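Every read-out reported here was derived from the displayed coordinates using simple, explicitly stated rules and does not represent laboratory data. On a predicted model such as this, the values are computed, not experimentally measured, just so you know. Methodologically, a virtual Cβ is constructed for each residue, glycine included, from the backbone with ideal geometry; neighbour enumeration extends over all protein chains shown.
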Amino acid sequence: MQHIVQLFIGSELARYGFGVGHPFGPDRMDAFWQEVLRQGLHKKVSIAAPVLADREAINRFHTPEYINRVMERSESGDGYLDYGDTPAFKGVYEAAATVVGTVLAAAEEAINGSYQRCFIPIAGLHHARRNMAAGFCVFNDAGVLIETLRSQYGIQRIAYADIDAHHGDGVFYAFEADPDLCIVDIHEDGAHLYPGTGFANETGICAAKETKLNLPLRSGANDADFVRVWPEAEGFIRAFKPEFIIFQCGADSIAGDPITDMGFTPKAHAHAAASLCRVADEFCKGRLIGLGGGGYNRDNLANGWCAVLSAFVDC
Ligand SMILES: [Zn+2]
């Protein structure tokens, strides 16, 4: 059976990037879109335009002081939003708020049942903290989504699965003590890669103990390694019985990324996506949102994200 999937595409979303030649450049969305066209996937999905979030929505996760700082830097376009990874640019506030607004629009579609599965390529900015930017991430769209599902829709039990090469520290530490957020994060071992976190013994704290599963893999880990550990990830999410699933499918875990050292192929991304589709159908009324995440080799992000989109349609 084919599923109707909503894909969010538009120049307002592409604008989230740090300049031509930057690994996280504004050309990433189009690299993906060209592959969508080449594979004919655009004929199998519904295309929707990006949406700008209002400040109140961003404030559900981020502090007012930090939002003010991003707004100020957005006007001047000068300096950095963190300690040197994430430069400001003119309009960075609007670009980052568009990533958030688009993810929230996708959630609304998933909840009202028009399109249960949605994909947003430029999203999954999992390093941003409540009060600061980090690692190319200005606003943490997944964090805002989690807070929004709870406060606006009464959806409490949420699963967040992350297969980006980097540990999703911005999501992890914001919800480390939250027993209703299940986290499964497969990444390159923090001993070798930014942000240097996400070790297997980090399983959640206080009431949230054992609700987080970090599966760090060796540098160069390949599809065989991925397929070996995935059943544990899937079983962990099933046992949690979530009402909604967020999937950060960063393509920087595919072999040949310029800033990481992992060895997956897009088959790993397809494998995880197909599995999460089944779990979402079983526990979450199908509600599953895919966020593109990292990925700095343009062919890899195009192929990795298309593999996820294809699985959303077919599985
Ligand atoms: Zn990454």
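Counting only helical runs of four or more DSSP H residues, what would the 222 nm mean residue ellipticity of the chain come to if each run contributes -39,500 (n - 2.57) and the total is spread over all its residues?
Details: 10 runs with 126 residues, N = 315.
Result for the chain: -12500 deg cm²/dmol, rounded to the nearest 500.
Legend: Rg and Dmax of region 26-92, from Cα coordinates, 16.6, 44 Å. Summary of the geometry: region 194-209 and region 112-167, compared by the centres of their Cα atoms, lie 18 Å apart. By the Cβ rule of 4.7 Å, the chain holds the following cysteines without a possible disulfide partner: CYS118, CYS137, CYS182, CYS206, CYS249, CYS284, CYS306.
Would you mind checking LYS44/LYS212; LYS209/LYS267; LYS209/LYS241; LYS44/LYS267; LYS44/LYS285; LYS212/LYS285 for any pair whose Cα atoms are more than 28 angstrom apart?
Details: LYS44/LYS212 35 Å; LYS209/LYS267 32 Å; LYS209/LYS241 16 Å; LYS44/LYS267 20 Å; LYS44/LYS285 21 Å; LYS212/LYS285 23 Å.
Over 28 Å apart, Cα to Cα: LYS44/LYS212; LYS209/LYS267.
Working ranking of peptides 212-221, 47-56 by packing, defined as the average number of other Cβ atoms within 10 Å per residue, highest first, is 212-221, 47-56.
If you run the Gaussian network model on the chain, springs between alpha carbon atoms under 10 Å, then out of VAL99, VAL171, VAL229 the most flexible one is VAL229. Scanning residues 5 or more positions from ARG129 or on other chains, those with amide H under 5 Å from its amide H are ALA134, with H placed 1.01 Å from N in the peptide plane. What does the C-alpha gyration tensor say about the overall shape of region 166-305? Classify as rounded when a/c is under 1.5, otherwise prolate if a/b is larger than b/c, or oblate. It comes out oblate by the Cα gyration axes. In summary, the convex hull built on the alpha carbon positions of region 53-110 has an orientation-averaged projected area of 4.1 nm².
Put simply, the Cα atoms of the chain extend 48, 47, 40 Å along their principal axes, the longest span coming first.
For region 1-144, just say rounded, prolate or oblate: build the C-alpha gyration tensor, square-root its eigenvalues into a ≥ b ≥ c, call rounded for a/c under 1.5, and beyond that prolate if a/b exceeds b/c, oblate if not. Judged from the Cα gyration tensor, region 1-144 comes out oblate (a/c at least 1.5, b/c at or above a/b).
Rounded to the nearest Hz, the phi-derived 3J(HN,Hα) couplings of region 98-104 under the Karplus curve 6.51 cos²θ - 1.76 cosθ + 1.60 (θ = phi - 60°) are 6, 4, 4, x, 5, 5, 5, where x marks glycine and proline. Of the peptides 232-238, 264-270, 6-12, 87-93, the order by per-residue mean of other Cβ atoms within 10 Å, starting with the highest, comes out as 264-270, 6-12, 87-93, 232-238.
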